[in-house]
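**Student:** Here it is, the structure in full.
Rule-based calculations on the coordinates, nothing more; no lab input. Small disclaimer: the values here were computed from a predicted structure and weren't measured. All Cβ positions, glycine included, derive from the backbone under ideal geometry; neighbour counts span all protein chains shown.
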Amino acid sequence: MTAPSLSWSEKALRLLRKMDNFSLPGSGRSRCLKFEVEGVQVGWIPATVAPVLIRFPQVFTLPQGGAIALCASLDSYSRRSEALHGVIKTLREENQFTCLRGWREEKYDVRARYCDSPLMCMERAATSLFGVKRYGVHVNGYTRGPDGEITVWLARRSSTKQTYPGKLDNLAAGGVAAGVSVTQTLIKECQEEACIPACIAETAHPVGTISYTYEDEEGVFPESQFVFDLELPAHFRPQIGDGEVQEFFLYSIEQAKDVLVSEDFKPNCVMVPCVSVPCVTACPAHSYIQPDSERYYQEFVAGLHKSL
């Protein structure tokens, strides 16, 4: 007997749960230790990582009260960053953790909340070992035709990307590096990935954020994405820039909605367009995702905003 096909709503909910699997029963969360700096939790340390950190008593305290903390003697941004970098470099040389094979030479700031001052920074490839929140920018690009019809630009990731090679993705996206603002990241990624000039990228407007935490064999990934909508001129065509994208496609709203829940789309970015005006909603007055038409509407909204 053939199993009934899933509705769009059911497919989207499955993907949402996949990208936020750290909150599901049976996840590794109960076995993780909190990672604390100055008495504030900034991450989750997986059970496989905690025993290794004990080897560095000048940097980390012994586990206590379900937490591992940085030593109080590391009392400044620079001291914490330098000490942590030394540990991470040692672990990389020992080749103990596969995530460190993807070394980026890119630092991310570490803080409890984005509005807080950063406590230190760390190599991007190591963030999953400490479960610290990573912030990124995602841009939903769209074009409005003469009749008002909206079409959506999606990008196919390069086949050489370290993560999700060849998958469809949003028009442009990238992590917010240490000392770099959200707006600077937005302009940089638009220019580098899609050859969108700054004068156009600067017209993007923020439409919301999403936050979720997933885990895999490389660690814990709490992520928060700042989502922007960018209306591109009707004559404008994104171009391949730094090689992280191999091709761009223009979809109708209905096509975009269907492809979002397909196996062809980068799974941890599916919900980014769901907070966007054009990509799934066309315009606020007549949304393509409605509480009455999508059974799991409330779950979508709640699932897009998870704290650390």
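**Student:** Given DSSP loops and a limit of at most 15 other Cβ atoms within 10 Å, what is the longest stretch of the chain that contains no such GluC sites (Glu not before Pro)?
**Tutor:** Longest run free of exposed loop sites: 39-104.
**Student:** Taking 8 Å as the Cα distance limit and 6 or more residues as the minimum spacing, I'd like the relative contact order of the stretch 1-78 as a percentage.
**Tutor:** In percent, rounded to a whole number, it is 21.
**Student:** Using alpha carbon centroids, what distance separates the stretch 87-113 and the stretch 232-264, in Å?
**Tutor:** Using only Cα atoms to place each centre, the spacing works out to 32 Å.
**Student:** So what's the angle, to the nearest 10 degrees on a 0 to 90 scale, between helix 182-194 and the longest Cα principal axis of the chain?
**Tutor:** 60
**Student:** Once the Cα atoms of helix 8-19 and of the chain are each reduced to a long axis, what angle between those two axes, in degrees from 0 to 90 to the nearest 10, is obtained?
**Tutor:** Taking the Cα atoms of the chain, the angle to 8-19 is about 20 degrees.
**Student:** Are any of the pairs LYS89/LYS167; LYS34/LYS161; LYS107/LYS257; LYS18/LYS167 more than 24 Å apart by Cα-Cα distance, and if so, which?
**Tutor:** Those over the limit are LYS89/LYS167; LYS34/LYS161; LYS107/LYS257.
**Student:** Sticking with this structure for a sec: Below 8 Å between Cα atoms, with a sequence gap of 6+, how large is the relative contact order for the stretch 26-130 in percent?
**Tutor:** Reported relative contact order: 24 percent.
**Student:** Given the options ALA155, ALA194, ALA72, which has the most mean-square fluctuation in a GNM of the chain, springs set between C-alpha atoms less than 10 angstrom apart?
**Tutor:** The residue that fluctuates most here is ALA72.
**Student:** Most mobile of TYR135, TYR214, TYR164 per a Gaussian network model of the chain (Cα springs, under 10 Å)?
**Tutor:** TYR164
**Student:** What number, rounded to the nearest 500 deg cm²/dmol, is the helix-based mean residue ellipticity at 222 nm of the chain, given -39500 (n - 2.57) per DSSP H run of at least four residues and division by all its residues?
**Tutor:** Value at 222 nm, helices only, nearest 500: -6500 deg cm²/dmol.
**Student:** Can I ask one more? Remind me, relative contact order of the chain in percent, using alpha carbon pairs under 8 angstrom and six or more residues apart?
**Tutor:** Relative contact order here is 20 percent.
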